[in-house]
1. In segment 60-108, which residues are without any contact (Cβ under 8 Å) to a residue 12 or more places away in the chain, touching a Leu at 6+ places or on another chain (Cβ under 9 Å) and among the charged types (D, E, K, R)?
2. Residues that are aliphatic (A, V, I, L, M), at pLDDT 90 or above and surrounded by 12 or more Cβ atoms within 10 Å (Cβ to Cβ): find the helices (runs of 4 or more DSSP H) completely inside segment 18-113 holding 2 or more of those.
Amino acid sequence: MTDKTNAMRMLEARRVPYETYTFPPEIHSAEGVAQVVGLPASRVYKTLVVVRKQGKPLLVMIAGDRELDLKRLAKAVGEKKLRIATYKEEESLTGLEVGGISALALLHRGFDV
């Protein structure tokens, strides 16, 4: 079994049942993960890092079969413009590898979720 992550420990502390899946590290999309683990993309969530002009980045979780509407999100959070971070920015901002970015692992780390 894989070493436990902070997200796993948090779920266990709250007695939340979960399953872990392992997939090749070159898979970076929710659709790719869904295919490997045999679930529909609608059941696999992706965490996107969204950058504001100023201030904390946002973590946005959406179903793997959905696209993020940046204009709608910007309006909802009172921003004029937002953009999705590059892979390099995502890893730098979160300290996690693309494909393994978890909102649970990043709670209390300065992100708005």
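1. K71, the sole residue that qualifies.
2. Values: elements: 30-37, 70-76, 87-94.
Passing ranges, in order: 30-37, 70-76.
The values are calculated or read from the model by the stated rules, or taken from the named source; none is laboratory data. Owing to the predicted nature of the structure, the values given are computational and were not obtained by experimental measurement. Note that we place each Cβ from the backbone using ideal geometry, even for glycine, and neighbour counts take in every protein chain shown.
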